[in-house]
1. What's the local net charge at B:Ala58, with K and R +1, D and E -1, over the other residues with C-beta under 14 Å away?
2. Mind jotting down the three principal axis lengths of the protein assembly as shown based on Cα atoms? Whole angstrom, largest first.
3. In the P(r) worked out for the range B:18-161, what percent of Cα pairs fall beyond 18 Å?
4. Just name one of A:Val95, B:Ile51, B:Met137: the one whose Cα is farthest towards the positive end of the charge dipole of the protein assembly as shown (beta-carbon charges, Lys/Arg +1, Asp/Glu -1).
5. Less than 10 Å Cβ to Cβ from A:Ser22, Lys/Arg counted +1 and Asp/Glu -1: what total charge do the surrounding residues give?
6. By count of other Cβ within 10 Å, fewest leading, how are B:Arg80, B:Arg14 ordered?
7. What lysines does B:Lys109 reach when the alpha-carbon gap must be under 23 Å and sequence neighbours fewer than 8 apart in one chain are set aside?
8. Divide by every residue of chain A the summed helix terms, -39500 (n - 2.57) for each DSSP H run of at least 4, and state the resulting mean residue ellipticity at 222 nm, rounded to the nearest 500 deg cm²/dmol.
Amino acid sequence: MDNICALIVDDSSVMRKIVERSLRQAGLSIAQVLEAGNGAEALAVVQKNKVDLILCDINMPVMDGLEFVKQLSSMETAKAVPVVMITTEGSEGHVVQALSAGARGYIRKPFTPEQVKEHVLPVLEAKP
Amino acid sequence: MNPSNSALGSALGRECWLPTLQLAMQEVFELMLACPLEVPAEPPPEDGLDITAMVGLAGQLCGILTVRCSSKSAGRMASRMLGIDAEKAGPEMWDAVGEICNMVAGNFKNKIAGLGDGCMLSVPTVITGSEYNLHSMVNDEMHTVLLFEGEPVVLSLEVHN
């Protein structure tokens, strides 16, 4: 998939930049990167923009990543957008919760660009 | 202590927690900053560590994990994470150290069986300055110092039983 628009959701601006760099290092063709500091901001971004991929943290103020994925799944215009969680919450239980809520992939922090590629590419390739 | 905490305290062996903490921090620096940490031959002086990042833990393990370093080290961490000039790092350095603390806490709890699902993390808080006292009513404290580019980074886990 070429020239994608990626939305990166994390309350840390440093982490948003690292995720963006990792996406580019992974060789993905990124046309635009949008950012949000929490789930509520991310919902507003998704309502106003055509997004191809979302990378989302779990622990965030205002609205956490799991609630964001649940609400996104109920949005007719955005429920097909694949979400990959990128989080320090790496337990089996959190993975199950995220996938049940609608996430398509899960990356544990700390991570390498190779891990980002390994988890994001299959999700983009599977996108209808 | 409830049964879950008892299991954590005995079966997992807290004597393993300090090396696990060290490993958790070393992995974060290697993967996210491309910089291995060194174990000092002798404990280095801890003066001038004016940045403290804290992440709270709640659930089966209650306590607080802190990472302390100098502003100079924090600027270098932000530089390595963002590719910016270390001398010009402003608020990014606080965000960088807070996120490092968050990743160390998450990486640590994911290495201890039973803690991954049973312990929640707070979002990080960062304090600047060194003239403060922290009163967290702890029952147990673990403390280790590693060297980042030759400068000390202090990692502490204070645990409420």
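Just so it is clear, none of the values below were taken in a lab; they were calculated from the coordinates. Keep in mind the model is a prediction, meaning the values are calculated, not measured. Here the Cβ positions follow ideal geometry from the backbone for every residue, glycine too, while neighbour counts run over all protein chains shown.
1. It works out to a net charge of -2.
2. Ordered largest first, the protein assembly as shown gives principal extents of 56, 49, 29 Å.
3. So the portion of pairs separated by more than 18 Å is 53 percent.
4. Checked the options; the winner is A:Val95.
5. Numbers: positive: A:Lys17, A:Arg21, A:Arg24, A:Lys117; negative: A:Glu20, A:Glu114.
Taking every other residue near A:Ser22 into account, the sum is +2.
6. By the 10 Å Cβ count, ascending, the order reads B:Arg14, B:Arg80.
7. Correct list for B:Lys109: A:Lys109.
8. Calculated from helices alone, the mean residue ellipticity at 222 nm is -13000 deg cm²/dmol.
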